Structures are given as structure tokens and as C-alpha cells.
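Undergrad: Would you mind keeping the following structure in view while I ask a few things?
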Ligand SMILES: Nc1ncnc2c1ncn2[C@@H]1O[C@H](COP(=O)(O)OP(=O)(O)O)[C@@H](O)[C@H]1O
Ligand SMILES: [Mg+2]
């Protein structure tokens, strides 16, 4: 046996030994390929989906995750406003028209990958939504999380996201009509097979006119992953063309996005006292300035009162 072959064999043996000692090495790689694809969905527009998509993506990055954010609201794309970006050479519209490969339409935004949608009306012509799932599967290989910002409601655009994702995060305000939308969407989602579903309540004011977390969970049969309070910094950050998490990382809403990301990544995150104080102060406000409208703390009462909608 010549010296070169002997050298090769030694390397091979070393590799085998190393893999034997580190059995998770190969397993880890295979698992990493399967990104968690989360669709950010809602019954109606304006509840905060795009805000959640952008800030959750950035919060996941803070937990050292590889994140891809996709604007799937093709008719009214908004993510670029929240990121403060523009002038793209390629978009998801080009991908869905088979003009370019999905990877060449990805942009790096401060450590996350971003696939924008075109704001030009004419770029809607010729797109094939049916191809979305196929293109998306390519993105899964290089990410821990793929976050899809969906169009609202149950139209064609929203449905293709619901079909393509593996998990659904319903964004809703804590009010009866929006919660009934979640129940309706959940019914529709059944046709797309088994998906992990949870709720994020947004623009929460902790007022008595709002449904409480336990009531929402009982009415929908889904867990509430987190609550993001109503925070004027959200709107300000958009005007300043920065995502909230970068513009005001210590704001109440940012902290709650971090908290939700920590739950998704199963990483520790200590909630600053500020959040606990805020909730306490809202409780004091409710006590000192009672609102004549008070939603019941009992899901059965709510069902009885709004029976026709559930
Ligand atoms: N937690 C929040 N506090 C205050 N304003 C918010 C919050 N979340 C979203 N908003 C505001 O609500 C509006 C709609 O949000 P957006 O994320 O665009 O909703 P959607 O994508 O569901 O249509 C925006 O003006 C945004 O600034
Ligand atoms: Mg939106």
C-alpha cells in the first residue's frame, strides 16, 4: 500500500471515529434543513400581521436563528414600509413568473433574508400562485424559520400561504368579531391537513372590553402564544422607516416580540419589570376608572351572548 493511500485511509478512519463519537452531527444537519415555516394569518386586515412578521423575524434573529421573511401579500405588499427598504432588482412576483430563481430575489436585511413583493400593479400579471409551494421549499433548506406575511382573509392569496406553511400564527385583536374570524379560518385550514396553530393577540390595551387570554383559548381551542400591547412606538417606527425592534428595542411591544421569539426557540428570556408594571398599572386603571363595557371572563357566557357568530 502506497503512502498516499495509507494517508487517505487514516483520514477515513478518523472521520468514522469522529462521527461515532458525535452521532448528532449528521442528525443535526438533517434536522436543520427542515425550517419551521410559519404563516402569519388573520381574518381581516389592519390587525398587525406585517408588524408581527417583521418584528418576530428580527426577534428570532436575536436568538441566533437563521430567518427568511417573505412578503406574501402580493396585492397590497407592506413589509418594505416596515423595513424601510425599496428598489429591488428581483421580487417574489418575478419568482412566481419563473423569471428568476427564488434565491436571487433574496435580500439581506440586517442579518435576516428578505423576499419582497413588488409594489407595481403590472407585476401582478402572469404570476402563478400554485408555484409558490415549490419555490418555498427551496428556502426551507437554508433557514431555521421562514416567516410568511399573508394577505388577510380567506381569499386565494391567503389560502396559498395557509397551504404552504407548516404552522399558523393567527394575529388578532382581543375582540369577539376577530376571534370569530380565527374560528372560521381554523375550519378552512382543516382542508390543508395537520398544522400547528396558535394565536398572537395584538394591540392589547388590557381593558375590560377585551376578551381575556383564557376566554380566547377556550373559544378557539388554540393556545395564545403571546400578547403584544398597543404601543404608539409601532406607528412611529414605520414613519421613521425602521422596524420597531431596531427603532425602540426597549418598547413594550418589542419586549413582547422578544418574549414570543423566546417561546418559539425555547430559549430563556427574562421579561423586564417594565412589562409587569404596565399590566399592573392597567389593572389599577380598570379599577379606578371602570368601563361600563365589560366582557365576561367566562367563555360560555360569551358564546351565549354572541351565539350566532360561533
Ligand atoms: N401593537 C401595536 N400597537 C400600535 N399600533 C400597531 C400595533 N400593531 C400594529 N399597529 C398599527 O396598526 C396598523 C396595521 O398594522 P399592520 O401590521 O400593517 O396590519 P396588517 O398587516 O394586519 O394589515 C399599522 O398602522 C401599525 O402601525
Ligand atoms: Mg399587512
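The values are calculated or read from the model by the stated rules, or taken from the named source; none is laboratory data. Owing to the predicted nature of the structure, the values given are computational and were not obtained by experimental measurement. For neighbour counting, all protein chains shown are included, and Cβ atoms are generated from backbone atoms with ideal geometry for every residue, glycine included.
Undergrad: Based on what the data block shows, is residue 101 at pLDDT 95 or above and either within 16 Å of ligand 2 (Cβ to nearest atom) or touching a helix residue (DSSP H, G or I) at 6+ places or on another chain (Cβ under 6 Å) (or both)?
TA: No.
Undergrad: All but one of (1) without any contact (Cβ under 8 Å) to a residue 60 or more places away in the chain; (2) in a loop (DSSP other than H, G, I, E, B); (3) more than 23 Å from residue 246 (Cα to Cα); (4) more than 14 Å from ligand 2 (Cβ to nearest atom) hold for residue 122; state the number of the condition that does not hold.
TA: With (1) without any contact (Cβ under 8 Å) to a residue 60 or more places away in the chain; (2) in a loop (DSSP other than H, G, I, E, B); (3) more than 23 Å from residue 246 (Cα to Cα); (4) more than 14 Å from ligand 2 (Cβ to nearest atom) applied to residue 122, the lone miss is (2).
Undergrad: Please report, ordered by residue number, the helices (runs of 4 or more DSSP H) entirely within region 240-310 with at least 1 residues that are out of contact with any helix residue (DSSP H, G or I) (no Cβ under 8 Å at 6 or more places or on another chain), within 30 Å of residue 69 (Cα to Cα) and in contact (Cβ under 8 Å) with a residue 12 or more places away in the chain.
TA: Per the criteria, 252-265.
Undergrad: Residues being surrounded by fewer than 18 Cβ atoms within 10 Å (Cβ to Cβ) and away from ligand 1 (no atom under 15 Å from the Cβ): count how many of those fall in region 147-162.
TA: 1
Undergrad: So if I check each of 251, 262, which one is more than 17 Å from the chain's Cα centre (by Cα) and either within 16 Å of ligand 2 (Cβ to nearest atom) or over 21 Å from residue 179 (Cβ atoms) (or both)?
TA: After ruling out the rest, the residue left standing is 251.
Listed here are the residues, each with its yes/no results for (1) more than 16 Å from ligand 2 (Cβ to nearest atom); (2) in a strand (DSSP E or B); (3) under 27 Å from residue 286 (Cα atoms).
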position: 154; (1), (2), (3): no, no, no
position: 180; (1), (2), (3): yes, no, yes
position: 190; (1), (2), (3): yes, no, no
position: 219; (1), (2), (3): yes, no, yes
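Undergrad: Quick check, is residue 122 away from ligand 1 (no atom under 16 Å from the Cβ), exposed (fewer than 15 other Cβ atoms within 10 Å of the Cβ) and either more than 24 Å from residue 170 (Cβ to Cβ) or under 20 Å from the mean Cα position of the chain (by Cα) (or both)?
TA: yes
Undergrad: Output the residue which, of all residues in region 31-46 that are surrounded by 22 or more Cβ atoms within 10 Å (Cβ to Cβ) and near ligand 2 (Cβ under 9 Å from one of its atoms), is farthest from residue 109 (Cα to Cα).
TA: Restricting to residues being surrounded by 22 or more Cβ atoms within 10 Å (Cβ to Cβ) and near ligand 2 (Cβ under 9 Å from one of its atoms), the top hit is 42.
Undergrad: Every residue in region 68-106 that is closer than 14 Å to residue 50 by Cα and assigned to a helix (DSSP H, G or I), please.
TA: 79, 80, 81, 82, 83
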